[in-house]
């Protein structure tokens, strides 16, 4: 039995404010860089980063992206069949160690699947902001979500 939303629970224009936010620590960033083999010193070498554009280490963008997707799961894709694609991922502003990321998603379109009548496609835009409300990341995606199953006659079950 699923506890997540079904296709019928979505409508264009709905906005979901995903909670809670997530404060990104130095350890989070360093571990994510090493785990994903991103060895750019801008993310974990303070001396090197101090001499660059932002004067400090910058959190790796794919960590910020992963957090924003993860924050949306409870409201959007807990019941999903699949994330079909990600479009226009944009890193709008840098994120630094100690920043707290928040995310919200807007439903852009919902449509029944043309090939699978038991599911539909939800198109949405997710925006991540920092603790000051500054947009740091945006992306769109299509998620395949099952339709709500018909109620069974419990007296004959």
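The values are calculated or read from the model by the stated rules, or taken from the named source; none is laboratory data. Note that the coordinates shown come from a computational prediction; the quantities given were computed from them, not determined experimentally. Every residue, glycine as well, gets a Cβ built from its backbone with ideal geometry; the counts of neighbours run over all protein chains shown.
Table: residues versus (1) at pLDDT below 95; (2) out of contact with any helix residue (DSSP H, G or I) (no Cβ under 6 Å at 6 or more places or on another chain).
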| site | (1), (2) |
| --- | --- |
| 16 | no, no |
| 21 | no, yes |
| 24 | no, yes |
| 28 | no, yes |
| 39 | yes, yes |
| 44 | yes, no |
| 47 | no, yes |
| 51 | no, yes |
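Any residue in the range 121-142 that is touching a residue at least 24 places away in the same chain (Cβ under 8 Å), farther than 29 Å from residue 10 by Cα and in contact with a helix residue (DSSP H, G or I) (Cβ under 8 Å, 6 or more places away or on another chain)? First the steps, then the outcome.
Filtering the range 121-142 for residues touching a residue at least 24 places away in the same chain (Cβ under 8 Å) gives 121-122, 124, 126-131, 134-142.
This time we only want the ones that are farther than 29 Å from residue 10 by Cα, so: none.
No, the range 121-142 contains no residue that is touching a residue at least 24 places away in the same chain (Cβ under 8 Å), farther than 29 Å from residue 10 by Cα and in contact with a helix residue (DSSP H, G or I) (Cβ under 8 Å, 6 or more places away or on another chain).
With 81, 73 as the choices, which residue is under 17 Å from the mean Cα position of the chain (by Cα) and closer than 21 Å to residue 19 by Cβ? Don't jump to the end; show me each part of the working.
Working: 81 fails: closer than 21 Å to residue 19 by Cβ.
Exactly one of 81, 73 is under 17 Å from the mean Cα position of the chain (by Cα) and closer than 21 Å to residue 19 by Cβ, namely 73.
Within the range 1-57, how many residues are over 23 Å from the mean Cα position of the chain (by Cα) and under 27 Å from residue 79 (Cβ atoms)? Before the answer, list the steps.
Restricting attention to the range 1-57, the residues satisfying the condition of being over 23 Å from the mean Cα position of the chain (by Cα) are 1, 39-42, 44-56.
Among the residues that remain, those that are also under 27 Å from residue 79 (Cβ atoms) are: 1.
The qualifying residues number 1.
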